[in-house]
Amino acid sequence: MKTLIAALAFTLTAALAPARAEPGRHWPPPDPAGWPKQALASLDQYVAARQPVALMLIHDGKPVAAYGDLARRVDVASIRKSLLSALYGQAVDEGRIDLDTTLGALGIDDKEGLTTQERKATVRDLLSARSGVYLRAAHETPPIRRNRPARGSHPPGSFFFYNNWDFNALGTIYRERTGEDIFAAFARQIAGPIGMEDFRASDGRYALSPASRHPAYPMRVSARDLARFGLLYVDGGRWGGRQVVPRDWVRESTAAHAATDRPWRAYGYLWWALAPERFGPGAALASGFGGHLLAIVPAKKLVLVQTVDPHRNPEKIRTRDALKLIEALARAAP
């Protein structure tokens, strides 16, 4: 009888406990309980003014608010780089990639040919966008083309420049050193273990430019799948009792490795590291051109995801506005 009563009590407790995202399960319905009405009203106003495709706010593993089409897969632009960072963490942990290996040692070159100085750049330099290799690259944005420094102007490791050449070459290095396709590896090693509902390997593609041998690797991801990825990082790379991404890599990749000219942001390893005095330790941002974003605030157990449609938002959604929203939500979090 005692065993039966204990079992019934456990079942009732589990039924009443707020549901948390787990592998192979859908997200539970949003529950704003405990959140200040003013904070939720500000979120409503933000969404009404900007009309993103989707937005999700997660607190302590549970949705607080959700807007738009959460299942719609969109090209999330440069968020692809933070997704690749997770694969790098696994490959580094397994000894398949050494961050201090140079481009010369790896045999990485390009159509215009790397100089002796450029060949000295390491994998670590590329991850922190400090390679000093200023060549044309696939999938460049207008600001990258407009602001690219002159070749040879900065030695490797000395200067931050948000540089698609670095990011694309990292894709080539990953494929060559691991023998893995980026998208198949992400589907098997990340998306599957954390229960992403929409992502498939076919949602990635390689985009080449006549100027470079190194393709970009755009990915289409839904807001609800990005939210799971963010929660994975808030929980130190652990999901459902399994360490999916090494904890040390989560901490190192979201830490500040390069100073930037962006307000409240340094650069980590394919993540923007947010100022700890404003967002707490370990806060980071994955940001895509036009307004895509995935923000993690581990100190408050927060994840904020936003996906956009460039046709609906031709003026783009400003990252600085999203950062103000994230900071306000972190202050308001119960």
Next on the checklist: If residue 278 meets every condition in (1) of a type in the set (Lys, Arg); (2) under 24 Å from residue 74 (Cα atoms); (3) touching a residue at least 40 places away in the same chain (Cβ under 8 Å) apart from one, which number is that one?
Outcome noted: (2)
Item to check | Residue list for segment 33-60, restricted to those being open to solvent by 60 Å² or more (accessible area, probe 1.4 Å) and either in a helix (DSSP H, G or I) or touching a Leu at 6+ places or on another chain (Cβ under 6 Å) (or both) | outcome: 37, 38, 44, 45, 48, 49, 50
Next on the checklist: Residues that are among the β-branched types (Val, Ile, Thr) and open to solvent by less than 30 Å² (accessible area, probe 1.4 Å): list the helices (runs of 4 or more DSSP H) wholly contained in segment 61-159 that include at least 1 such residues.
Outcome noted: 79-93, 123-127, 142-147
Item to check | Hits in segment 162-180 - residues which are under 18 Å from residue 134 (Cβ atoms) and without any contact (Cβ under 8 Å) to a residue 60 or more places away in the chain | outcome: 163, 164, 165, 166, 168
Checklist outcome for this item: Of (1) open to solvent by less than 10 Å² (accessible area, probe 1.4 Å); (2) out of contact with any Pro (no Cβ under 9 Å at 6 or more places or on another chain), residue 260 satisfies every one except (1)
Checklist outcome for this item: Restricting segment 178-210 to residues that are open to solvent by less than 30 Å² (accessible area, probe 1.4 Å) and in a loop (DSSP other than H, G, I, E, B), the one farthest from residue 109 (Cα to Cα) turns out to be 195
Checklist entry - What pairs can you find where one residue is in segment 71-85 and within 14 Å of residue 200 (Cα to Cα) and touching a residue at least 60 places away in the same chain (Cβ under 8 Å), the other is among the hydroxyl-bearing types (Ser, Thr, Tyr) and surrounded by fewer than 24 Cβ atoms within 10 Å (Cβ to Cβ), and their Cβ atoms are less than 7 Å apart, with a gap of 6+ or different chains? => result none
Next on the checklist: Against the condition under 20 Å from residue 242 (Cβ atoms), of a type in the set (Lys, Arg), part of a loop (DSSP other than H, G, I, E, B) and modelled with pLDDT of 95 or more, how does residue 20 come out, does it pass?
Outcome noted: no
Checklist outcome for this item: Of the residues in segment 229-243, those that are aliphatic (A, V, I, L, M) and either without any contact (Cβ under 8 Å) to a residue 24 or more places away in the chain or open to solvent by 10 Å² or more (accessible area, probe 1.4 Å) (or both) come to 234
Checklist outcome for this item: Being of a type outside the set (S, T, N, Q), at pLDDT 95 or above and over 29 Å from residue 236 (Cβ atoms) narrows 69, 93 down to just 69
Checklist outcome for this item: The residue from 213, 220, 175 that alone is assigned to a strand (DSSP E or B), more than 21 Å from residue 288 (Cα to Cα) and either within 18 Å of the chain's Cα centre (by Cα) or not hydroxyl-bearing (Ser, Thr, Tyr) (or both) is 213
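The values are calculated or read from the model by the stated rules, or taken from the named source; none is laboratory data. All values reported here derive from a predicted model rather than from experimental measurement. Neighbour counts are summed over all protein chains in view; Cβ atoms, including those assigned to glycine, are modelled from backbone coordinates with ideal geometry. Heads up: the accessible areas ignore ligands, DNA and RNA and are worked out on the full protein's heavy atoms, side chains in. Shrake-Rupley method; radii C 1.70, N 1.55, O 1.52, S 1.80 Å.
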